[in-house]
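So the structure is just underneath, and the comments pick up after that.
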Amino acid sequence: MRAFLRSIAADFFTREAGKNSLMTVTDATISPDFKRGTIYFTCFPTSEQDKALDFAKRKRTELREYIKDHAHLKNLPVLEVKIDEGERNRQRIDELGQAAGATSEEEVSLEK
């Protein structure tokens with residue numbers, strides 16, 4: 001159900017989002033009783049992150065309708081949307097690792 005919820009939310013936001021930023025749905029969670037769900041996403045550029053979150057929050061009702069039309073579920077979960085801070089942190093770690101790798105390669109070539 002998580003993968004389905006993530007996929008359908010990604011389809012919805014791809015269709016609805018403007019051209020000022022790129023929203024990527026990264027994960028979705030749903031409570032065991034299927035009454036509550038959370039959609040996690042990232043935004044590029046990060047300077048548009050707050051606007052993207054406001055947009056996603058405004059569109060929750062339309063997202064529920066989209067899920068209703070495409071999923072045929074008995075009960076629709078109440079949805080929350082959040083910035084995926086874990087993904088943002090992972091990307092930052094990758095950037096730091098690449099920068100450290102570039103520095104190490106430069107040091108090795110200077111030693112030769």
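Computed from the coordinates by the stated procedures, all read-outs in this text should not be read as laboratory data. Predicted model, so just to flag it, every value in this text is computed and none were measured. Ideal geometry is used to build each Cβ from the backbone, glycine not excepted, and the neighbour counts take in all protein chains shown.
The alpha-carbon of LYS57 sits under 30 angstrom from the alpha-carbons of these lysines, leaving out residues fewer than 8 places away in its chain: LYS19, LYS35, LYS68, LYS74, LYS82. Seen from ARG6, the other residues with C-beta closer than 12 Å to its C-beta sum to a net charge of -2, counting Lys and Arg as +1 and Asp and Glu as -1. Using Cβ point charges alone (K and R +1, D and E -1), the dipole size of the chain about the Cα centre works out to roughly 860 debye. Under 5 Å from the amide H of GLU80 lie the amide H atoms of GLY37, THR38, ILE39, each residue being 5 or more positions distant or on a separate chain, with H modelled from the backbone and absent for Pro and chain starts. In order along segment 40-47, phi translates into HN-Hα couplings of 10, 8, 10, 9, 10, x, 5, 5 Hz, rounded to whole numbers, per the Karplus curve 6.51 cos²θ - 1.76 cosθ + 1.60 with θ = phi - 60° and x for Gly and Pro.
Of the labelled figures (1) 14.3; (2) 14.7; (3) 15.8, only one reflects Kirkwood radius over Cα pairs in Å as derived from the coordinates, namely (3).
Computed over segment 2-84, relative contact order equals 33 percent, with contacts defined as Cα pairs under 8 Å that lie 6+ residues apart. Note on LYS82 and ASP69: the model spin-label points, each 7 Å out from Cα along the C-beta direction, lie 2.9 nm apart. Other residues within the sphere of radius under 15 Å centred on the Cβ of GLU65, judged by their own Cβ, net out at +2 (K and R +1, D and E -1). In terms of packing, defined here as the mean over residues of other Cβ atoms within 10 angstrom, the peptides 12-24, 84-96 line up highest first as 12-24, 84-96. Under 5 Å between amide H atoms, partner at least 5 residues away or on a different chain: which partners does ALA17 have, H built in plane at 1.01 Å? Close amide H contacts, sequence-distant or interchain: none at all.
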